[in-house]
Every structure is written in structure tokens, then in C-alpha cells.
Amino acid sequence: MSRYHRSAPARGDDEHLRSLGYEPELTRRMGSFGNFAVSFSVISVLSGCMTLFGFGLVTGGPAVMMWGWLGVGLAVLLVGLSLAEVTSAYPTSGGLYFMSQRLGGPRWGWVTGWLNLLGLLGGIAGIDYGAASFITAFAGLQWGVMPTPGVILTVFAAVLLLHALLNVVGVRVVSLLNSISVWWHLTGVAVIVGVLAVVPSHHQDASFVFGHFVNETGWSNPVYVSAVGLLLAGYTFCGYDASAHLSEETTDARMAAPRGIVRSIWVSLLAGFVLLAGLLFAVQDYAGTAVAAVPPAQIFLDTLGTTGAKALLLIVIGAQLFCGSAETTAASRMIYAFSRDGALPGSATWRRVSPNGVPVPAVWLAVSVAFLLAVPSLWSPVAYGAVTAVNVIGMTPSYIIPVFLRLRQGDRFVPGPWTLGRWSRPVGIAAVVWVVVVTVLVCLPQRYPLTVQTFNYAPITLIVVLALSAAWYRLTGSKFSVPVVQDAHLARVEAQIV
């Protein structure tokens, strides 16, 4: 039995966890808002939209950025609704892989787990490297620092260290940071958009923001270019499964975790739409912005000058730091859960929980792997794109596998208290179709002609991940036990005795 005092709702959560076969080890100190906040922080429109703004400017331009954001956001909401329903039935730190194992068997769980884990680790690397790039841009304005690959990697290492230290302190600190993050993001979007609406003497008109099409990809087909341009939103709307990974630290998890998933998506949809519109209305020099090292920073400079640009950059950097911290939390819980079930090399180490209820070794492993993923950026200018591909190509398929398996089960699936009812099947089918589409989009060549610099490494990443997963399963799959406690009744009896 846990060494921590549990409230009545938490005891109910723990009993349900035991019925799934796990003995509670983590501390339930996170409420419904905190659970929503972690997913909202991981999605982070002030991270994804800002980092990928330049990508959108050349792959369809404002028209695709605005309408694509709405379309992709609504499609992702369908995925979130379906995933939330399964989460309500299986609220565990393992999240997606545990759902897949219960609905489809150990091989489904194994593949889902490896895809999800690599996506989370790639997410830490992508988010924190993007934050390091913005920090370096700020340092360039403030102190004249040159943004060399070595400088960015050094800042990146410092950001990872900060996030590790914040995460090992305890879940209360993590929950507090994520709660602050929500208001930082919403207030930050309001401030940025408000300043850009009031200060500049010139603004673009609505026909430009909602109808101007730009193609600088080298491809001639506008439909193809528009499809590729959807990836700005596709890359940003990732990480909402964090609510599931934090469910063992959340009270009333069977309701709070699914609500956290859905709320994080629709709030991000609205906030991101306002942010993109605000930035595009304020563009002064489209061509100059598109080729800038940090396009949003160029907009800030053109409209506000150096002092104003630095102030808004600090808002963005703060949001990105909150985002990276939340992603580190989610990845460490995934490592803990996967190790608890014997799926990782050195599982006995990574599953250890400290006296304050935090899987500390898992936190350090998460940031260490993230750092290694970004080391090639010292020599390769396309390394950051490859890291982003690891994130998206891992996360996106892992979201839909449990939804697909739930559809396959039909009436045999026993839903939790949060359910879609009669809408479950049509929403689930639409979600599966969308994920198939976006997975194909992620693998498409984005620039022409194809060279070493423009090659899209996402398909290779997917093949390598699946091959490594299959090879490791052949070697150690017999040790993969989900859950560790096979007899749930015995677990309950033992808990009462202890």
C-alpha cells in the first residue's frame, strides 16, 4: 500500500488502479485543472506556432496557415475525443501502450509503447532546442551573441538541466508550474496579439491573412503544397496524451484525465488561431520575414523595434520553457511505466520512485536521451527537422492504435464514466482516417529538388523505430508483463493487510 495519506477520491482512484493490476506508487496531488494544464503546456501554441511559423510562410502561406489550423484542430479534436474515452477506462501512467495491450494484446502494447516513448523523447529535444534557439536570438539582441550551433547546443543543455531539476522536486511543483503555464500562455497570446494590433502603423488586410497563398517549396502543385502546409498545425497539436500519463498522480482520474485531453485541444485551437492571425496581420515585409532565422522575432523587430521585440521574445521563451518542463514530466512517467512492465533495458533502475513520489531516474534518462538526439545539430543543419520527425512520427500513430483497437472490440469494450456513447464509433472512425492522412503527410517530401539538405527523414525514422521495436521484442519480449501484478484481487487483499 502507498506510504502516502490518501483522500477518499484518491482511494477510489487507487482501487481502480489495483483492479487494472497495478499497486499505486506515485502521489495523487494533481487536480483536474493541473491535469489539463500539463497537456495544454505540452501542446504550447507559443512554442509550436512560433517555432514553425517560418515553415508555414513558405508552404502555402497565410491562407493555409489559418484555414489549415482550423481544419487540423477540429480533426485532432476528434482524435482527442476518442482517446479520452479509452483513457477513462484505463487511466494509467503507461497511457497509450497500456490501453493497446489491454485491447489488443502484448505486441500491440509493445509497438505502441516504443512509438510513444520515442515521440515523447523527440518532443523534449524539439521543444527545448527550439527554446534554446529563441533564447540565443534574445541574447543576440541583448548582448550580440552569435547563434552558432555550439552556442545553441550549450543553451539547450542548460534548459534540459533546468527541466530535470524542476521535475525531481515533486509533483506539486510540476502541477503548480503547469497551472501557471496556462495563464502565461493565454495572457501571453493576448499581450502579443494586443500589442501587434495597436502599435504598428500598418496592418495587412483580411484578404491577405485569410486568402494569400505562397509557395516557396519548389513543388508546382498547389494542392500538394497545401497538404504539406497542414503540418504546421499537425506538428503543434502533439502531446495531449500527457493527461493520460499523469493520471496516476491525478484525483478523479477517470473523469479528469479525459477532460484534460479534450480541453487542452479546444483551448489550444482557439488560442493558436488568434495568435497566428495576430502575427500575420502584423507582417511588414513578407519576404524578409520568411527568410529570417526566427521569423516571429523579425515581425517583432519590424513593428516594435529592439526593446519591444525583446519583451515579446521573453514571453515566448517563458512559454517554451513551461512546455519543455511539461513534456519532460510526461516522458519520465512513460519511462517509469514502461520500465515497471519490464520493457526497457535497465528497467529495474528506471522504475525507481523517490521518497517524494517522483521517478527520478526516469527524469534524468529522459533529458539525457533528448540531449543525445540533438547532438548531430553541431554538424547537420537538418538535424532539428529530423528530431521533429522523431516526435511526430512516433506520437501520431501511437495516438490512434488504442482507438483502432477499441473500435475493433465493439460492444466488448467496457467504457469508463467519460464516454461518447452512440457517437463513439463514428468519431473513432473519423479519427483513424485523419491519423492515417497526417502520417502520410509527415512522410511526404517537403522541398524540391530533393537533396541531402531537403530530404524528409520521417519515413526512415518510422522504419527504424519499428525495426528496433521488433528486434528488441524478439530478445526480451518474454519479460514484458502488463501489468506486473497479474492477480488484481490478490493485490487488493495484500494492500488491506499491509
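Which value, in debye to the nearest 20, gives the size of the charge dipole of region 30-479 about its Cα centre, when Lys and Arg are +1 and Asp and Glu are -1 at the Cβ?
Numbers: 19 positive and 13 negative charges, 266 e Å.
Value, rounded to 20: 1280 debye.
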- line: Ranking Val79, Ala63, Val375 by how far each Cα lies towards the positive end of the charge dipole of the chain (+1 on Lys and Arg Cβ, -1 on Asp and Glu Cβ), the top one is Val79
- line: If each K or R counts +1 and each D or E counts -1, the residues other than Leu57 whose Cβ falls under 15 Å of its Cβ total -2
message: Based on alpha-carbon centroids, what's the gap between region 408-445 and region 20-56 in Å, whole number please?
response: 21
query: Ranking Ile127, Ile335 by Cβ neighbours within 10 Å, fewest first, what do you get?
result: Ile335, Ile127
query: Once the dipole of region 30-479 is set up with Lys and Arg at +1 and Asp and Glu at -1 on Cβ about the Cα centre, which of Ile192, Ala125, Ala331 lies farthest towards its positive end?
result: Ala331
Ratio Rg/Rh [Cα only; Rh per Kirkwood] for the chain: 0.97
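Could you list Arg172, Arg259 in order of exposure, starting from the residue whose Cβ has the fewest other Cβ atoms within 10 Å?
Listed from fewest to most nearby Cβ atoms, that is Arg172, Arg259.
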query: Tell me, what ³J(HN,Hα) does each residue in region 402-415 have, in order and in whole Hz, if you take phi through Karplus 6.51 cos²θ - 1.76 cosθ + 1.60 with θ = phi - 60° and put x for Gly and Pro?
result: x, 5, 4, 5, 5, 4, 5, 6, x, 6, 6, 6, 9, x
query: Tell me, how many Å apart are the Cα centres for region 221-298 and for region 101-134?
result: 18
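Fewest to most neighbouring Cβ within 10 Å: what's the order for Arg29, Arg412?
On the way: Arg29 18, Arg412 8.
Going from sparsest to densest Cβ surroundings: Arg412, Arg29.
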message: Per DSSP helix of 4 or more residues, -39500 (n - 2.57); summed, then divided by the residues of the chain. What does that give at 222 nm, rounded to the nearest 500?
response: -24000 deg cm²/dmol
query: Which whole-Hz ³J(HN,Hα) couplings does region 64-81 yield from phi under the Karplus relation 6.51 cos²θ - 1.76 cosθ + 1.60, θ = phi - 60°, glycine and proline marked x?
result: 6, 4, 6, 6, x, 4, 5, x, 5, x, 5, 5, 5, 4, 5, 4, x, 4
message: Checking the a/c ratio against 1.5 first, then a/b against b/c, what shape does the Cα gyration tensor give for region 59-106?
response: prolate
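Each reported figure results from applying straightforward, stated rules to the coordinates on display, with no laboratory input. Since the structure is predicted, the reported quantities are computational estimates derived from the model, not experimental observations. A quick note on method: Cβ atoms are made from the backbone with ideal geometry, for glycine too, and the neighbour counts reach across all protein chains shown.
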